[in-house]
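Working notes, structure below.
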Amino acid sequence: MYVAIDEDAERARARTNAALEGIYGQRVPAIEAAASAGPVADCVREVNQVAAAGAELILFTALFDQREQMERLAAEVLPKLG
C-alpha cells in the first residue's frame with residue numbers, strides 16, 4: 001500500500017500522484033485512488049478499510065521522504081490500527 005503521511009492532504013496527494021506517475025510513466029487513477037495520502041487519521045482509516053476487506057498482509061511503500069514516512073508510519077499510524 002502506497003502511503004504518504006502529511007497534515008496537508010492536498011500536498012500529500014499531489015506528491016503521491018507525481019511519484020506514481022514517475023514510476024508508471026503515466027497517470028493511473030486506479031492506483032492513485034488506492035494510495036493512502038493525508039493526515040494520520042485518514043491513513044489509519046484507509047489501512048483499517050484494507051484490513052477489513054480481508055487483507056492478511058499489508059506492505060507499506062513510501063514514495064518520497066522514505067525515512068521520515070516510515071518513522072511516522074511506525075510511530076503514528078501503526079499503533080492506532082484496529
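The values are calculated or read from the model by the stated rules, or taken from the named source; none is laboratory data. Please read these numbers as outputs of a predicted model, since none were measured by experiment. Every residue, glycine among them, receives a Cβ derived from its backbone with ideal geometry; neighbour counts consider all protein chains shown. Protein only, heavy atoms only, side chains kept; ligands, DNA and RNA dropped before computing areas. Shrake-Rupley method; radii C 1.70, N 1.55, O 1.52, S 1.80 Å.
Just a few scattered comments:
- Qualifying positions in the stretch 1-34 - hydrophobic (A, V, I, L, M, F, W, C) and within 13 Å of the chain's Cα centre (by Cα): Met1, Val3, Ala4, Ile5, Ala9, Ala12, Ala14, Ala19, Leu20, Ile31, Ala33, Ala34
- Every residue from the stretch 12-35 that is under 17 Å from Gln49 (Cβ atoms) and among the aromatic types (Phe, Trp, Tyr): none
- Pairs with Cβ under 6 Å, 6+ apart, first in the stretch 37-56 and touching a residue at least 40 places away in the same chain (Cβ under 8 Å), second open to solvent by less than 50 Å² (accessible area, probe 1.4 Å) and among the charged types (D, E, K, R): none
- Within the stretch 51-64, the set of residues being farther than 10 Å from Met1 by Cβ and open to solvent by 70 Å² or more (accessible area, probe 1.4 Å) comprises Ala52, Ala53, Glu56, Leu57.
- Each residue in the stretch 57-82 was checked for being on the phi > 0 side of the Ramachandran plot and in contact (Cβ under 8 Å) with a residue 60 or more places away in the chain, and 0 of them qualify.
Here's the yes/no breakdown for (1) within 16 Å of Leu78 (Cβ to Cβ); (2) out of contact with any helix residue (DSSP H, G or I) (no Cβ under 9 Å at 6 or more places or on another chain):
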| residue | (1), (2) |
| --- | --- |
| Asp6 | no, no |
| Ala14 | no, yes |
| Ala18 | no, yes |
| Ala35 | no, no |
| Ala41 | yes, no |
| Gly54 | no, yes |
| Leu57 | yes, yes |
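- Restricting Asn48, Asn17 to those that are surrounded by 15 or more Cβ atoms within 10 Å (Cβ to Cβ) and either at pLDDT 95 or above or of a type in the set (Ser, Thr, Tyr) (or both) reduces the list to Asn17.
- Whichever residue in the stretch 24-36 is among the hydrophobic types (A, V, I, L, M, F, W, C) and touching a residue at least 24 places away in the same chain (Cβ under 8 Å) and, among such residues, is most open to solvent (accessible area, probe 1.4 Å): Ala34
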